[in-house]
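Please read the structure below before turning to the comments.
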Amino acid sequence: MMDKKRRIVIALGGNALGNTLPEQMTAVKITARAIVDLIQEDCEVIVAHGNGPQVGMVNNAMLALTHEDPEQPNTPLSVCVAMSQAYIGYDLQNALREELLNRNITNIPVATMITQVRVDADDPAFEKPSKPIGKFVSAEQAKFMKKSFNYDMIEDSGRGYRRVVASPKPAEIVEIDTIRTMVDAGNLVIACGGGGIPVIREGNHLKGASAVIDKDFASCLLAKELDADYLIILTAVEQVALNFGTPDEKWLSEVSIDEAKQYISEGHFAPGSMLPKVQAAVDFAESKPGRTALITLLEKSRDAIQGKTGTTFHL
Ligand code: ADP
Ligand code: MG
């Protein structure tokens, strides 16, 4: 009897995609190699990813358009997320297809699913927008953006003003049945890009929300919905640390759920960067016995799945 393949949801962070168009095109080649390495380890892979720099770039470009042509209304953030999803999906699926063909793997079609993720209109995150997006602007520009577009603007650590948006929790992946069908049929699927396009339910209508969903939480929900064996969060560090960046720094190899919760309460993980990853890892690992979460560096994903490195979370 053939062993069931291990099903893995991979969440790609900023370093897997780069900050600019040319950077992304180069980065996805390295990313594609790491992903196809896992496929050759007999894993079934589903790819999710972030979109921080890209959604900022699209948002800035669309904002510039309103200055150029007063007839152009401002582009909703949900549309900017959709644009970033399609653009990143294009680069990823292009690079993945090529890498598969380079290794003579011809039976795995690659496709990106444009994904809407429902959020709750009552999510408390809408009351305190916290996620900075787009470029730094002057106090004067910030005032203009507040007045013209009703943006929430904050002063960001002496570097100027930035727009902040809400980061609500993902409640439901709207296209999950389609994603599951594609994955079950053996496709390599890219989904929930940039955390998904945030939408709020209004009867049968899904209304785009002015928010950016954390990709770590969206990937966790995707992994649970697809009954994955692993959630692998690939980021810029090989392992998670206690006392990160201090002389007492201690890198972690294996963490139980109870230990992880303890470390979270002791404030070891920075909000907005490592904290959502550890929270997502804990959420996934405790959702069902046999589920494992892993945080590591993109280039180390094969070593990590073989148990050689990374930080592993399990019950
Ligand atoms: P991504 O784009 O992959 O989501 P982030 O920059 O949001 O990446 O988060 C990863 C970063 O979190 C690491 O590069 C590291 O600088 C930072 N970090 C904060 N706390 C920790 C910690 N306790 N252990 C390891 N890295 C940490
Ligand atoms: Mg991040």
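Read-outs: derived from the displayed coordinates by stated rules, not from any lab. Keep in mind that this is a model prediction, so the values were computed, not measured. Virtual Cβ from ideal backbone geometry, glycine too; neighbours counted across all protein chains shown.
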Open item on the list: Starting from 0.36 nm per residue, how many nanometres of slack lie between residue 202 and residue 6 once their C-alpha separation is accounted for?
Closed with: 66.8 nm
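In whole Å and largest first, what semi-axes does the C-alpha gyration tensor of the stretch 183-270 yield when each eigenvalue is scaled by 5 and square-rooted? Working shown, then result.
Details: eigenvalues 201, 66, 31 Å².
Gyration-tensor ellipsoid for the stretch 183-270: 32, 18, 13 Å.
What does the extension gain come out to for residue 122 and residue 251, with contour length at 0.36 nm per residue minus their alpha carbon separation?
Roughly 42.7 nm would be gained on extension.
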Open item on the list: P(r) for the chain, please, calculated from all Cα pair distances in 20 Å bins and given in %.
Closed with: 32, 58, 10, 0
- [ ] Grab the DSSP H runs of the chain that are 4 residues or longer, score each as -39,500 (n - 2.57), total them, divide by all residues and round the 222 nm result to the nearest 500 deg cm²/dmol.
- [x] -12000 deg cm²/dmol
Open item on the list: How large are Rg and Dmax for the stretch 60-132 when calculated on the C-alpha trace, in angstrom?
Closed with: 18.1, 52
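Projected area of the stretch 134-211, taken from the Cα convex hull and averaged over every viewing direction, in nm²?
Values: hull surface 30.0 nm².
So the Cα hull casts an average projection of 7.5 nm².
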Open item on the list: Using amide H atoms built in the peptide plane, which far-off residues or other-chain residues are under 5 Å from residue 112 H to H?
Closed with: 190
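When the dipole is taken about the Cα centre of the chain, and only Lys, Arg (+1) and Asp, Glu (-1) are charged at their Cβ, what size is it in debye, to the nearest 20? Each step should come with its number before you reach the end.
Working: 32 positive and 41 negative charges, 56 e Å.
Roughly 260 debye for the chain.
Write out the chymotrypsin sites (Phe, Trp or Tyr not before Pro) in the stretch 213-315 meeting two conditions: DSSP loop, and at most 16 other Cβ atoms within 10 Å of their Cβ.
On the way: sites: 217, 230, 244, 251, 263, 269, 284, 313; in loops: 244, 269.
Here the chymotrypsin sites (Phe, Trp or Tyr not before Pro) that fit, given the DSSP loop and packing criteria, are 244.
Over all directions, what mean area does the Cα convex hull of the stretch 1-135 project, stated in square nanometres?
Result: a mean projected hull area of 11.3 nm².
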- [ ] May I ask you to list the trypsin sites (Lys or Arg not before Pro) in the stretch 1-107 that are in a DSSP loop and have at most 11 other Cβ atoms within 10 Å of their Cβ?
- [x] 4
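Report the charge-dipole magnitude of the stretch 95-249 in Debye, nearest 20, computed about the Cα centre from +1 at each Lys and Arg Cβ and -1 at each Asp and Glu Cβ. Intermediate results must be reported in sequence, preceding the final value.
Working: 18 positive and 23 negative charges, 162 e Å.
The dipole magnitude comes to about 780 debye.
Of all DSSP beta bridges in the chain, what percent run antiparallel (nearest 5)? Write out the running numbers ahead of the final one.
Working: 20 of 50 bridges.
So the antiparallel bridges in the chain amount to around 40 percent.
Among the listed pairs 147/207; 169/207; 250/300; 169/308, which are separated by more than 26 Å between their Cα atoms? Please report the intermediate quantities before stating the final value.
On the way: 147/207 23 Å; 169/207 16 Å; 250/300 19 Å; 169/308 32 Å.
Cα-Cα > 26 Å for 169/308; rest within.
Could you pull out the GluC sites (Glu not before Pro) across the stretch 41-81 that fall in loop regions by DSSP (anything but H, G, I, E, B) with no more than 11 other Cβ atoms inside 10 Å?
On the way: sites: 41, 44, 68, 71; in loops: 41, 71.
Sparse-neighbourhood loop GluC sites (Glu not before Pro): 71.
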